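The values are calculated or read from the model by the stated rules, or taken from the named source; none is laboratory data. Nothing here was measured: the structure is a model prediction, and the numbers come from that model. Cβ sites come from the backbone with ideal geometry, for glycine too, and all protein chains shown count toward neighbours. Just the protein is used for accessible areas: all its heavy atoms, side chains included, with ligands, DNA and RNA removed. Shrake-Rupley method; radii C 1.70, N 1.55, O 1.52, S 1.80 Å.
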Amino acid sequence: MNHKDLLAWYENNHRELPFRKNREPYRIWISEIMAQQTRIEAMMPAYEKFIALFPDVRALAQGDDDVLMKAWQGLGYYSRARNLKKAAQVCVDCYDGQLPEQYGELKKLPGIGEYTAGAIASIAHGERIPAVDGNVIRVYARHYGLDDDFSNTKNKKQLTSLVRADLPDHEHMPFWNQALMELGALVCTPKIARCEECPLRITCQSAADEAWKTRPAPKKKSERRIEKKHVVVLASIDENQKIWLHVRRRPDSGLLASLYEFDDRKPQTFLKSQPLGDYRHVFSHVEWLMSGELVLCSSHEGFLPAEEIERDCSIPSAFLPFYQRAMEFLKEEQETEAVSAC
Ligand code: SF4
């Protein structure tokens, strides 16, 4: 692979992102964990908010769990946020409040696997180590004309060996892995390969005949368990037109552990109810087919003010569509009641 051309392309074409400015290990770590399931552009507001709340390892290690979960709302896979805090605590206890520098030490921290350790060690410290994510797999599969299934561990190891063999010297390492990832994100993308703009097109084995369209081989889809769920948003509007909602915590372990959810059944007596439509939420191993209902109650005993829920409670993405639809209905209801009270 041509180092000079790829590095020159990166120098001239990479996106200006806040965590790339000074190559601070903490910021690289947070951005890499967030980017695992989310597009960079979509995660930026959450990233900025997270860094404002938890500007360094010590702040994260001491962070309040509810604030942490709220900061992670909308990003999904909340175990990543819990692991960030656990890893920060290890850094405070064992590394004087800093992330360790070496790949081997980074990989021992909770939630940091080969890819993240490689990204932090290479970008922040120039360690000569690969960081193989989906973008890098795609660029390599296409550039070297590989038709293997890279969800297979043996095949991925072989591809990683190729990446390792191409690594540049220590001085250029901070930019090399980023250049590969950026090329995969901007030029050699899953749906379209912009070969005419690509610095690797001369040596690429998939450019000429559009063979990139079939590389890398699609992953074998795993079967997901289907579960049906009924979500009941219990709400009340008091005499001052204030909206109250009922939320409860999920169990401490398992899917969406310790986050907030709505109820799953109606009380025996209520004022009125309103369907909130259907929604399908896909997790890695299970799929929820959900239906929702807003139930207006006469009392708000045990409920929380809606603005407190909005500010403090982390509601997982699976429940957010029902929450948003419920709030739209409740605001209309609130206005109607305010008018009739005049
Ligand atoms: S030349 Fe085309 S297929 Fe090859 S790496 Fe570049 S964008 Fe991808």
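Listed values, structure above:
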| item | result |
| --- | --- |
| Residue-count net charge about C91 - beta-carbon cut-off 13 Å; Lys, Arg +1, Asp, Glu -1 | -1 |
| Computed magnitude of the charge dipole of the stretch 221-342 (debye, nearest 20; Cβ of K, R +1, Cβ of D, E -1) | 660 debye |
| Of G292, G254, M327, farthest towards positive along the dipole that unit charges on Lys, Arg, Asp, Glu beta carbons give the stretch 221-342 | G254 |
| Additional length obtainable on full extension of the chain from L320 to E197, 0.36 nm per residue less Cα span | 40.3 nm |
| Convex hull per residue volume in Å³, alpha carbons only, for the chain | 170 Å³ |
| Fraction of accessible area attributable to carbon and sulfur, the chain (%, probe 1.4 Å) | 49 percent |
| GNM result for the chain, Cα springs below 10 Å: residue of A71, A61, A217 fluctuating most strongly | A217 |
| Convex hull volume per residue in cubic angstrom - Cα atoms of the stretch 130-195 | 84 Å³ |
| Projected-area mean, the stretch 13-153, by convex hull of Cα positions, square nanometres | 9.2 nm² |
| Whole-number accessible area per residue in Å² for the chain, which is evaluated in the context of all protein chains at 1.4 Å | 52 Å² |
| Stokes-Einstein translational diffusion, the stretch 170-329 - Kirkwood Rh over all Cα pairs, 1.567 mPa s, 4 °C, in µm²/s | 65 µm²/s |
| Calculated from backbone phi, Karplus (6.51, -1.76, 1.60) coupling profile of the stretch 223-234 in Hz, x at Gly/Pro | 5, 10, 6, 9, 10, 8, 9, 10, 10, 10, 8, 7 |
| Distance cut-off 15 Å, percentage of C-alpha pairs in the stretch 162-214 lying past it | 52 percent |
| Chain lengthening between K213 and L271 when straightened (0.36 nm per residue, less Cα-Cα) | 15.2 nm |
| Most mobile listed residue (K266, K21, K49) in the chain, GNM with C-alpha springs under 10 Å | K21 |
| Computed magnitude of the charge dipole of the stretch 156-227 (debye, nearest 20; Cβ of K, R +1, Cβ of D, E -1) | 640 debye |
| Difference of contour (0.36 nm per residue) and Cα-Cα distance, Q37 to D149 | 38.3 nm |
| Euclidean distance between Cα centres, the stretch 17-67 to the stretch 260-320, Å | 29 Å |
| Whole-number percent relative contact order across the chain, with pairs defined as alpha carbons under 8 Å at least 6 apart | 16 percent |
